[in-house]
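Single-structure report; data block below.
The values are calculated or read from the model by the stated rules, or taken from the named source; none is laboratory data. Fair warning: this is a prediction, and the values are worked out from it, not measured in the lab. Virtual Cβ from ideal backbone geometry, glycine too; neighbours counted across all protein chains shown. The accessibility values were calculated without ligands, DNA or RNA, using every heavy atom of the protein model including side chains. Shrake-Rupley method; radii C 1.70, N 1.55, O 1.52, S 1.80 Å.
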Amino acid sequence: MSSPHSPDAPRRLVVLRHAKSDWPDGVPDPQRPLNARGRRDAPAVGRWIRDRVGPLDAVVCSPAIRTRQTWRLLAAELDAPPDPIVDDRVYAAPVETLLAVVRDIPEDVGTALLVGHNPGVAGLVAVLTGEEVEMKTSAITVLGLTASWVDAAPGGVSLIDHATPRGS
């Protein structure tokens, strides 16, 4: 974790939908791995975050295999990535639950990454910003918060950037 974040400084929430996953027969949804495209795209996501966002102070990740694989592959592209917090609430979470996860981010965190699933992540972005953003696999949306994490709510959040990096 980097130095403590000033309570009155702006915060950034990076919302990421996991990279493209496979659909193997007989594998329960939480155990589905990334497919070849997902394994190519996740490092591109890491490079995009490194170049456009900078250091992350915290990462909250769904426990699903595909989200944890996405994090591991993208983290390999970052300088000193934080250890992820695997939060069971993020898997298949509705917007209200994801908002509770965001509000639980420690106040000394300036930039946090949330790695999750649709439709929750797209809904979270829409509720917080009032803007509909397409969250394809590997899509990233960077949000700016003027309030503390615990006060994250519609109206105090702006859309800073959005991209869907693809690997080659």
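At a glance:
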item	result
nm² value of the averaged projected area, convex hull over the Cα atoms of region 101-144	3.2 nm²
Total charge dipole magnitude, the chain, about the Cα centre, Cβ charges on Lys, Arg, Asp, Glu only, Debye to nearest 20	720 debye
Distant-in-sequence amide H partners of LEU114 (H built 1.01 Å from N, under 5 Å)	VAL14, VAL15, LEU16, VAL60
Accessible surface, region 21-99, averaged per residue in Å² (probe 1.4 Å)	50 Å²
Distance between region 7-39 and region 137-168 - C-alpha centres, whole angstrom	16 Å
Residue order for ILE105, ILE160 - accessible surface, 1.4 angstrom probe, largest first	ILE160, ILE105
Amide H within-cut-off set for LEU34, under 5 Å, with H built and near neighbours excluded	ASP22
Computed accessible area, ASP87, all protein chains, 1.4 angstrom probe, square angstrom	20 Å²
Region 64-109: C-alpha gyration tensor shape, a/c 1.5 cut-off, then a/b vs b/c	oblate
Length gained when the stretch ALA76-ASP161 is fully extended (0.36 nm per residue, less Cα-Cα span)	28.4 nm
Accessible surface of region 9-168 [probe 1.4 Å, protein heavy atoms]: carbon and sulfur percent	52 percent
